[in-house]
Amino acid sequence: MNESTPMEKIVALCKRRGFIFQSSEIYGGLNGFWDFGPLGAELKRNLRDAWWKSMTRQRDDVVGLDASIIMHPNIWKASGHVDTFSDPMCDCLLTQKRYRADQIEPQSGTVYRYTGARTDSGQSSSEPYSVLLTAGKNPESARKIARQFYTQRGLTEPELLGETTETATQTTRFNPENGSALTEPRPFNLMFRTHTGPIESEENVAYLRPETAQAIFAQYKNVVDSSRKKLPFGICQIGKAFRNEINPRNYIFRSREFEQMELEFFIKPDEITAKLHGEVQPWTEGADLSTPQPNWGWEMWHRYWVAERTAFYASIGLGADVLDYYWQKPEELAHYARACVDILFKFPFGTEELEGIAARGSFDLDQHSKFVGKPQDYFDEEAKLRYVPHVIEPSAGLDRLTLAVLCAAFHEEETIDEKGKKEVLTTLRLHPRIAPVKAGVFPLLKNKPELLAKAKSIHRDLSLDMNSFYDESGSIGKRYARQDEAGTPFCITVDFETLEGVKEGLLAGELDTVTLRYRDSKKQERVRISELKAKLLELIR
Ligand code: GAP
């Protein structure tokens, strides 16, 4: 991606090539909801699998969970979501459009205030109203907006009353789109409510989960008892989460239905580590984080997970050039958090959060202990003590990650076609590990049955182990270009050399070769068919 790649180009490619579609598009779409098309579904699946493999299959200290989306509503009372999972929202007094109060761009200008309005026929309103005009605008436009406001209140051709003006600097109390005053900010709970069973009453209210994490805390005891894991260990989960975001925005970056990939990594509280090992190893700049040590406290574990997650992103093609970090300041931390770092990605619309890694202490397990009346604790055989473990939580969004890898992979190149015309070729330089299609298989010519048969048999064989795509239509150049745009890292062409036949002293097939073309370098080499699959598997591993 070039820093200046506009989002529109990425959005257009995603639609054209079947990565992402607007949900319910034929009905005009539904704001905040998205569908993943054939290539998008594969890409997402590969990212999900890469995360799952690195978080649990390749580790002995993390196990997985797949919990239900709707859970007991008290879980959300215990977690604090019922009372505090809200964003401040305000409405435009003119259009009733809803905004997130903390996302309104500060503006400066002149505020026109009115005490009310009346009409010749005796109608009146004493509702105060105000409009912000930015520098250089005609005062009449403020009056026009104010008249619209009182007209909406039922007054025909209103005459404005009590106009006063004042200067405002950096105010967020007015709609940046039309200057109208906004309502006072008020909290808006982001959880989607529903009901379980046939009766819609307050007794059977339930929520679509706003995060996957709480299911892990709710099943913590069952997992400890059944997996017999010893601290430190983790439970991870991938699944859908739902938030009724006030302003879904930036394509799939902030949506109302999305997928999370979360790990709750349970560690010994520092007091227990100190008791067992005489000291807790403090974190220092440059500390060796490669191998966890028994005397690590929460700070070392927190840093360890930042390093692990950074290595994961590098393994799928998101390196230091596209990532950044934001360490929350003490005053920004949730009351229970000791530290929180956001891993950021440089999106075309700005550098924004991809994942949060929080040190949450024992807050969640303590809350559930309180609400269910049973300690959600752990018996430490080494310390001969019972206690509630502390938690480090790396929490990532799969949809955001999908968008990030698409943005990072987007590459355009200007070339001159056969007719001497300028054309722009788009390549998605996705890491082979996550590319939706790994190999495109083509017969050189469509009208040679021997080429078709050979290419189809190679495609069928590759399909047993990877996503392969067979294509016989159009010129070979066009077929390469289509696969470049889909992010396919390797293309295989079956040509006449492939069919050269029996060489002296060798059995048929032993010398058969194909052309293997590399998407990013455009280099081509001849590879024996008998060695092709092993070579590709190594390249996409
Ligand atoms: N359990 C902690 C938690 O849920 P969060 O920062 O609210 O923390 C974690 O969410 C991650 O989930 C974010 O870093 C982001 O990647 C993803 N996420 C959160 N809200 C989202 C939304 N509305 N749309 C897409 N992804 C979202």
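The values are calculated or read from the model by the stated rules, or taken from the named source; none is laboratory data. Please read all numbers here as calculations on a predicted model, not as lab measurements. Using ideal geometry, Cβ is built from the backbone for each residue, glycine included, and neighbour counts are taken over all protein chains shown. Heavy atoms of the whole protein, side chains included, go into the accessibility calculation; ligands, DNA and RNA do not. Shrake-Rupley method; radii C 1.70, N 1.55, O 1.52, S 1.80 Å.
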Item to check | Packing rank of 348-355, 155-162, where each peptide gets the mean count of other beta carbons within 10 Å, highest leading | outcome: 348-355, 155-162
Next on the checklist: Give me the net charge for the shell around Ala67: Cβ to Cβ below 15 angstrom, other residues only, Lys and Arg +1, Asp and Glu -1.
Outcome noted: -3
Item to check | Charge sum, other residues only, whose C-beta stays under 9 Å from Gly356's C-beta, Lys/Arg counted +1 and Asp/Glu -1 | outcome: -4
Next on the checklist: Please compute the per residue accessible area over the range 401-501 with all protein chains in place, 1.4 Å probe, rounded to a whole number of Å².
Outcome noted: 45
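Would you mind checking Lys421/Lys454; Lys15/Lys438; Lys422/Lys448 for any pair whose Cα atoms are more than 27 angstrom apart? Show your work: numbers first, answer last.
Numbers: Lys421/Lys454 35 Å; Lys15/Lys438 20 Å; Lys422/Lys448 32 Å.
Flagged as over cut-off: Lys421/Lys454; Lys422/Lys448.
With r defined as the distance between the Cβ atoms of Lys53 and Thr169 and R0 fixed at 60 Å, what FRET efficiency is calculated, to the nearest 0.05?
Given R0 = 60 Å and the Cβ-Cβ separation, E is 0.70.
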Checklist entry - In terms of modelled amide H atoms, which long-range or inter-chain residues lie less than 5 Å from the amide H of Phe347? => result Glu352
Next on the checklist: Over the range 124-164, with the other protein chains present, what is the accessible area per residue in square angstrom, probe 1.4 angstrom?
Outcome noted: 58
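Can you order the peptides 247-254, 51-58 by their average number of other Cβ atoms within 10 Å per residue, highest first? Could you put the intermediate results ahead of the total?
Details: 247-254: 18.8, 51-58: 16.2.
Ranked from most to least packed, the peptides come out as 247-254, 51-58.
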Item to check | Zone residues, the range 108-139, relative to Arg153, backbone N less than 13 Å from point 7 Å out along Cα-to-Cβ | outcome: 113-119, 123-131
Checklist entry - In nanometres, what is the gap between the two model label sites at Leu425 and Glu413, each 7 Å from Cα along Cα-to-Cβ? => result 0.5
Checklist entry - Where Lys and Arg each count +1 and Asp and Glu each count -1, what net charge lies around Met466 among other residues with Cβ under 9 Å from its Cβ? => result +1
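For n ≥ 4 DSSP H runs only, could you compute -39500 (n - 2.57) per run for the chain, divide by its residues and tell me the 222 nm figure to the nearest 500? Show your work: numbers first, answer last.
Working: 14 runs with 149 residues, N = 541.
Computed ellipticity for the chain at 222 nm equals -8500 deg cm²/dmol.
Across the range 170-310, how many lysine pairs separated by 8 or more positions, or lying on different chains, have Cα atoms within less than 19 Å?
Details: Lys221/Lys229; Lys221/Lys230; Lys221/Lys268; Lys229/Lys268; Lys230/Lys268; Lys230/Lys275.
Total qualifying Lys-Lys pairs in the range 170-310 comes to 6.
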Checklist entry - Residue separation times 0.36 nm, minus the C-alpha to C-alpha distance between Gln103 and Asp35: what's the value? => result 21.9 nm
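For the chain, what % of the accessible area comes from carbon and sulfur atoms, probe 1.4 Å?
Numbers: 13320 of 26730 Å².
Of all accessible area on the chain, carbon and sulfur atoms account for 50 percent.
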Next on the checklist: Give the lysines whose C-alpha is closer than 22 Å to that of Lys329, dropping any in the same chain fewer than 8 places away, or say none.
Outcome noted: Lys346
Checklist outcome for this item: For the pair Ala311 and Ser68, the simple spin-label estimate (label points 7 Å beyond Cα toward Cβ) gives in nm 3.8
Next on the checklist: Need the C-alpha centroid separation for the range 310-387 versus the range 390-436, integer Å.
Outcome noted: 28
Checklist outcome for this item: Given a Förster distance of 41 Å, the FRET efficiency implied by the Cβ-Cβ spacing of Glu202 and Phe349, rounded to the nearest 0.05, works out to 0.50
Checklist outcome for this item: Quick calc, the chain, dipole around Cα centre from Cβ unit charges on Lys, Arg (+) and Asp, Glu (-), nearest 20 debye, gives 1020
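Go ahead and run the numbers for FRET between Asn295 and Arg228, Cβ-Cβ distance against an R0 of 25 Å, rounding to 0.05. Don't skip to the end; give the middle numbers.
Values: r = 24 Å, r/R0 = 0.94.
With a Förster radius of 25 Å, E is 0.60.
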Item to check | Spin-label proximity, Phe496 to the range 398-442 - amide N less than 18 Å from point 7 Å beyond Cα toward beta carbon | outcome: none
Next on the checklist: At a 10 angstrom cut-off on C-beta neighbours, averaged per residue, how do the peptides 422-432, 235-245 rank from highest to lowest?
Outcome noted: 235-245, 422-432
Checklist outcome for this item: Classified through the alpha carbon gyration tensor (a ≥ b ≥ c as square roots of its eigenvalues; rounded if a/c is under 1.5, else prolate when a/b is larger than b/c, else oblate), the range 1-85 comes out oblate
Item to check | Å² of accessible area per residue within the range 226-339, as computed with a 1.4 Å probe and no ligands counted | outcome: 45
Item to check | Karplus 3J(HN,Hα) series, Hz, for the range 533-541 with 6.51 cos²θ - 1.76 cosθ + 1.60 (x for Gly, Pro) | outcome: 4, 4, 5, 5, 4, 5, 5, 9, 4
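Arrange the residues Thr194, Thr84, Thr284 by how much accessible surface each exposes, largest first, with a 1.4 angstrom probe. Before the final figure, lay out the partial values.
Working: Thr194 45, Thr84 100, Thr284 80 Å².
My answer, sorted largest first, is Thr84, Thr284, Thr194.
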